[in-house]
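Sharing a structure below in structure tokens format, with a few things to ask.
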């Protein structure tokens, strides 16, 4: 087993902060609007690296995505059982039983990227899944038939159904129509979360539109038309369809035992890293695009040499017609950093034939998608008048791997500015859904250097505890510090606020936080077929106080008027259990509070705070000047 990346404490909480709540499971069909592929920190692995894996994070780029093949995800019976067994064994807590019919419903969702095979109202496949639900669950858990007969039965039904749809498609493909080629190539084709259109009607629409484009563009369009037909209506035998069904079932199974977990095949592994990519989005080749019958329509924000209004037929040699949402996203990531530079084949207004363009150089002489703005990664800082000095308020919206470096730069800049003295530093963690535990630990080194931090427990009961680093003296902040939090402050952000409070280093101000006291790891699956994101650790605060399911109670309550908070961690089905850990604090570290090495009390402000761009910020800062000392938990008589 190879770990593909440093484990995270992001998961669902980070998605919550971005307003996309759910157990990391997509809606019935992914919306047809595609997020833009990126051009940063992503490379295509060498050709001899078949899985795009097998290298430690220290030896390879964090996200080395392979070009997708365009085939539906598939797992053999043995491979599906291997992945499920690995997930159950390495999950950080005993898994709950899985509801067979809920699993079948979710697998029906994952099976169908178009609204053709199983999600359409006239598709009979959902009923077949439901009838075989218990047997399918038993098969992938290794308790059922030897050859996963339930998946084979569903595969048999899919052969009949896709054969009927293929016939309708072919009839429409050959039929004359009044629809012009430009409209056919650009028209949005697939529905979003709710599928209402009959699959038979969609098959005819796909055939008509692909046929119009192929007749207009001639032989040059034939490879893309053939790719569309092969992907929309695969000509698979029962064994091949059974493997597609099993992959969908495994994809549904992992979130059923772990609401923060996911599995994806290597062709679509970028979807497992969605929290990373959302928290720190790379540069984009386009802003908005939609899947069409024959390709992808670039609606806005296309980076040269691509242009708004282009229909992307192929990227890096991969036809785009009939790609799933996940494969289209991964194709953009992989192609943007391909060496040699990838080529795009497009249909452009005013040209009947496809055009080939290289992504090597943009029209302005720079690399496509390159920003060139070195300040984009800087943390936002507000300097607010506070008493006789200023409060430095640092907005931390996500916990990046390099948060320690980001925070160091921000504080050094403010200290070098001169003028009014800095009265204290506020870490504004409102709405911060978490991110990297490494980033949280590195940032805490600026405030509690060398401190033992979070006890972390694995399923087998083993514990591990990291220490905050000890940065150079010039980088450390010894003055007052506080954290502003709300109901959407989660995970690694809770680590930051909780550790400061546990060491009496500074108060938290706001509302009870989300309560995500667990962390995930990225793992190569044991079947060598894909990647798992799995909750493997539960953590507690340095004083042993639990975070999971309960969150942090703020030192000073303040009703920040944020949007209504999302459901808390405790409301998630099958969320990890609460865990209280040992007190790992050291007396020598706590002594710095007593002997004045660290200035923890905020100076009085006499109401002299502001002005603030956000009036609530000023109200909360006024509380700091009037706050009593941070509540402290005594060390045990024979503590560390």
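Nothing in this text is a laboratory measurement; each read-out follows from the coordinates by a stated rule. Not measured: the values here are computed from a predicted model. For neighbour counting, all protein chains shown are included, and Cβ atoms are generated from backbone atoms with ideal geometry for every residue, glycine included.
Roughly what would the spin-label model give for residue 179 and residue 167, points 7 Å off Cα along C-beta, in nm?
For the pair residue 179/residue 167, the computed spacing is 2.2 nm.
Still on this model: What's the extension gain from residue 557 to residue 465 if we count 0.36 nm per residue and subtract their Cα-Cα distance?
Working it through step by step, the gained length comes to 30.1 nm.
Expected output is a single nm value to one decimal: the length gained when fully extending between residue 526 and residue 578, i.e. 0.36 nm times separation in residues minus the C-alpha distance. What is it?
This chain segment gains 15.8 nm when fully extended.
Given a Förster distance of 56 angstrom, what is the FRET efficiency for residue 356 paired with residue 105, based on the Cβ-Cβ distance and rounded to 0.05?
0.85
Taking a ≥ b ≥ c as the square roots of the eigenvalues of the Cα gyration tensor of the stretch 31-358, is the shape rounded (a/c under 1.5), prolate (a/b larger than b/c) or oblate?
It is oblate, given that a/c is not under 1.5 and a/b is not larger than b/c.
Sorted by average packing, counted as other Cβ atoms within 10 angstrom per residue and highest first, what order do 193-201, 239-247 take?
Averaged packing, sorted descending, gives the order 239-247, 193-201.
For a label point 7 Å from the Cα of residue 69 along Cα→C-beta, name the residues of the stretch 224-250 whose backbone N is under 13 Å from it.
Label zone hits: 240-241, 243-244.
Under a point spin-label approximation (7 Å from Cα along Cα-to-Cβ), what is the residue 478-residue 141 distance to one decimal in nm?
Each label point is offset 7 Å from its Cα along the Cβ direction, giving 5.9 nm.
With r as the distance between the Cβ atoms of residue 89 and residue 595 and R0 = 41 Å, compute the FRET efficiency 1/(1 + (r/R0)^6) and round to 0.05.
0.30
Shifting gears a bit: For the pair residue 300 and residue 222, what calculated FRET efficiency results from E = 1/(1 + (r/R0)^6), where r is the Cβ-Cβ distance and R0 = 41 Å, to the nearest 0.05?
Given R0 = 41 Å and the Cβ-Cβ separation, E is 0.90.
Pairs of alpha-carbon atoms within less than 8 angstrom and 6+ residues apart define the contacts here; what relative contact order does the stretch 31-358 have, in percent?
29
Defining a contact as two alpha carbons under 8 Å apart and six or more residues distant in sequence, what relative contact order in percent does the stretch 506-562 show?
Value for the stretch 506-562: 49 percent.
Only bridges with both residues in the stretch 381-625 count here: give the DSSP antiparallel percent, nearest 5.
About 55 percent, rounded to the nearest 5.
Output the relative contact order of the stretch 381-625, whole-number percent, from Cα pairs under 8 angstrom with separation of 6+ residues.
Relative contact order, the stretch 381-625: 20 percent.
Taking 0.36 nm per residue of separation and subtracting the Cα-Cα distance, what length does fully extending residue 415 through residue 197 add?
Stretched out fully, the residue 415 to residue 197 stretch lengthens by 72.4 nm.
Please list, in order, the residues from the stretch 221-260 whose amide nitrogen is less than 20 Å from a point placed 7 Å along the Cα→Cβ vector of residue 570.
259-260, by backbone N distance to the label point.
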